[in-house]
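The block underneath contains the structure these notes are about, expressed in structure tokens.
The values are calculated or read from the model by the stated rules, or taken from the named source; none is laboratory data. In this text the structure is predicted, and so the values were computed from the model without any measurement. Backbone-built Cβ (ideal geometry, glycine too); neighbour counts: all protein chains shown. Areas reflect the complete protein model, heavy atoms only, side chains present, ligands, DNA and RNA absent. Shrake-Rupley method; radii C 1.70, N 1.55, O 1.52, S 1.80 Å.
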Amino acid sequence: MTQTLLRGRLLSFVRAPQSLTDSESYRYETDGGLLIENGLIVESGPYADIKAKAVADAVEIDHRPHLIMPGFIDMHLHFPQMQVIASYAANLLEWLNTYTFPEECRFVESAHAQRIAGHFYDELVRHGTTTAVAYCSVHKTSADAFFAEALKRNMRMVGGKVMMDRNAPQGLLDTPQMGYDETRQIIAEWHGKGRNHVAITPRFAITSTPAQMEATQALAREFPDLHIQTHLSENHDEIKFTCELYPEATDYTDIYARYGLLGDKTLFGHCIHLSDREADAMSEAGSVAVHCPTSNLFLGSGLFPLKALARREKPVRIGVATDIGGGSSYSMLRTMDEAYKIQQLLGERLNPLESYYHMTLGNARSLSLADRIGTLDVGSDADIVVLNAAATPAMALKMEVVKTLPEELFLLQTMGDDRAIAETYVAGVAAKSAI
Ligand code: GUN
Ligand code: ZN
């Protein structure tokens with residue numbers, strides 16, 4: 001029996017924090033032990049207690065004084081956009097047409113898709129992200145590369161081949177039948193294999209004809225347990241064009257509702273400019289609004305009202321994500337730093353406990369996967385991040401005056417990036433140091 005015993009300061013959330021002083025919302029063990037066996041957390045608690053329970057030859061790794069947390073979860077990013085990052089465009093639609101669509105055409109080639117998949121998981125692991133929800137390109141080859149590499153690395157990943165049959169270059173179009181057939185094939189070949197989850201992925205209403213939306217609806221009916229991911233209400237020109245394409249719908253959200261895509265497994269990227277009616281509809285359906293702060297700032301899309309959506313009488317479920325390659329960093333720390341600044345501009349406060357809740361348990365709950373990831377609970381997958389708040393000289397200098405856990409978390413979020421990730425464990429195996 002091979003066991004791994006991690007020692008360090010353990011931090012994980014049990015519910016959403018209500019305030020910066022809400023110490024009931026998390027568990028914090030200053031000298032903690034985490035025992036791992038067969039990729040799962042089997043014991044968690046004070047180090048001395050856990051050490052006593054470990055087998056004599058358990059491999060012990062001392063991460064003191066670092067923080068040990070559940071691995072970060074990225075709820076929305078685009079696997080074929082690693083080479084789209086940092087493309088200079090005025091807005092979303094120009095960025096899609098000028099850089100993103102041409103780049104995604106390259107993923108028809110298996111060799112290219114496989115090469116990028118290797119880099120993709122390397123970057124996630126380097127940044128402490130252990131689960132991500134990704135869009136592949138329209139090509140089945142891209143989904144095959146995405147899932148094959150996740151399987152090889154034993155990572156819990158959610159992804160899907162995008163379905164898109166109009167308003168894009170020819171090399172990036174499927175048909176309603178092809179999108180349906182290939183998605184079914186991908187589900188048959190990859191869903192539940194290793195820790196892979198397939199998501200039904202119509203890109204957005206602009207690139208799907210009503211016939212393709214019907215095919216998506218058929219998939220959603222046949223596979224009600226699968227996630228659905230798409231984009232919603234990101235940019236004013238996008239919203240206007242979308243509503244022109246579906247004049248019978250009340251608004252953008254209503255388009256998806258009409259095709260049965262508004263449910264509690266649906267993840268809507270962006271949702272920046274929702275009306276009250278749309279927010280109510282999302283709340284009633286239990287759909288998730290996925291906030292992508294670095295992307296929203298980079299593309300000038302707008303300021304996502306995270307706090308306002310969360311405290312409504314009918315609250316909207318929230319996820320947080322990088323949205324690579326509209327987003328500009330793979331780091332969930334950088335992501336939450338920008339999320340904080342967006343709330344500042346809206347006159348709201350996003351406290352550091354809330355940020356770390358969102359990156360871990362919050363996103364796990366929004367994915368309906370909190371029984372597997374997002375906590376350090378016994379029985380969970382041993383997907384873990386180790387954080388060093390003194391990773392750079394400037395961070396170490398600031399750490400000299402940091403006195404509380406929330407202050408340390410805020411420093412990590414404000415100044416941290418991949419350098420602050422001391423180690424990333426995937427199913428109990430040290431993965432960052434192995435890159
Ligand atoms: N809307 C449709 N496709 C995309 C995409 O690739 N990135 C972003 N940010 N928005 C989209
Ligand atoms: Zn996106």
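For LYS307, the lysines whose Cα falls under 19 Å of its own Cα, not counting residues fewer than eight places away in the same chain, are LYS341. In the stretch 247-361, taking the dipole from charged Cβ atoms about the Cα centre, the farthest positive-side position among TYR256, LEU306, LEU353 is held by LEU353. Hey, any idea what % of the stretch 269-369's accessible area is carbon plus sulfur with a 1.4 Å probe? For the stretch 269-369, the apolar C and S fraction of the accessible surface comes to 50 percent. Distance between the 7 Å Cα→Cβ label points at PHE241 and LYS341: 2.7 nm.
Put a plus charge on the Cβ of each Lys and Arg, a minus charge on the Cβ of each Asp and Glu, and nothing anywhere else: the dipole of the chain about its Cα centre is then about 460 debye.
Rounded to the nearest 20, the Cβ-based charge dipole of the stretch 395-435 about its Cα centre (Lys and Arg +1, Asp and Glu -1) stands at 40 debye.
Going from most exposed to least, what order do ARG106, ARG126 have by accessible area with a 1.4 Å probe? Show your work: numbers first, answer last.
Values: ARG106 105, ARG126 70 Å².
Order by accessible area, largest first: ARG106, ARG126.
Extension gain for ASP22 to THR2 (0.36 nm times residue separation, less C-alpha to C-alpha distance): 3.5 nm. The dipole here belongs to the stretch 207-326: it is taken about the Cα centre, uses +1 on the Cβ of Lys and Arg and -1 on the Cβ of Asp and Glu, and is about 380 debye. How far is the Cα center of the stretch 323-340 from the Cα center of the stretch 360-435, in Å? Between the Cα centres of the stretch 323-340 and the stretch 360-435 lies a distance of 15 Å.
Going by alpha carbons, how many degrees (0 to 90, nearest 10) lie between the helix axis of 276-285 and the longest principal axis of the chain? Compared with the principal axis, the helix lies near 70 degrees. Pull up the cross-link candidates among the lysines for LYS140, meaning alpha carbon to alpha carbon under 20 Å and not fewer than 8 places away within one chain. By straight Cα distance, LYS140 reaches LYS152, LYS161, LYS193. Among CYS105, CYS136, the sequence by solvent-accessible area, most first, with a 1.4 Å probe is CYS105, CYS136.
For ARG166 and ASP225, the FRET efficiency from 1/(1 + (r/R0)^6), where r spans their Cβ atoms and R0 equals 25 Å, is about 0.30.
Residues MET82, MET155 ordered from highest to lowest accessible area at a 1.4 Å probe: MET82, MET155. Per residue, the stretch 187-255 exposes 37 Å² of solvent-accessible protein surface, assessed with a 1.4 angstrom probe and all protein chains in place.
Given the -39500 (n - 2.57) contribution per DSSP H run of 4+ residues, what per-residue ellipticity at 222 nm results for the chain, rounded to the nearest 500 deg cm²/dmol?
Rounded to the nearest 500, the figure is -10000 deg cm²/dmol.
Any idea what angle helix 405-415 forms with the longest principal axis of the chain, computed on alpha-carbon atoms, 0 to 90 degrees, nearest 10? With both axes taken from Cα atoms, the answer is about 50 degrees. Straight Cα distances below 19 angstrom link LYS314 to the lysines LYS265, with same-chain residues fewer than 8 positions distant left out. Only Cα pairs under 8 Å and 6+ residues apart enter the sum, and on that basis the relative contact order of the stretch 44-150 stands at 36 percent. Once both axes come from the Cα atoms, what is the angle between helix 332-345 and the longest principal axis of the chain, in degrees from 0 to 90, rounded to 10? Compared with the principal axis, the helix lies near 70 degrees.
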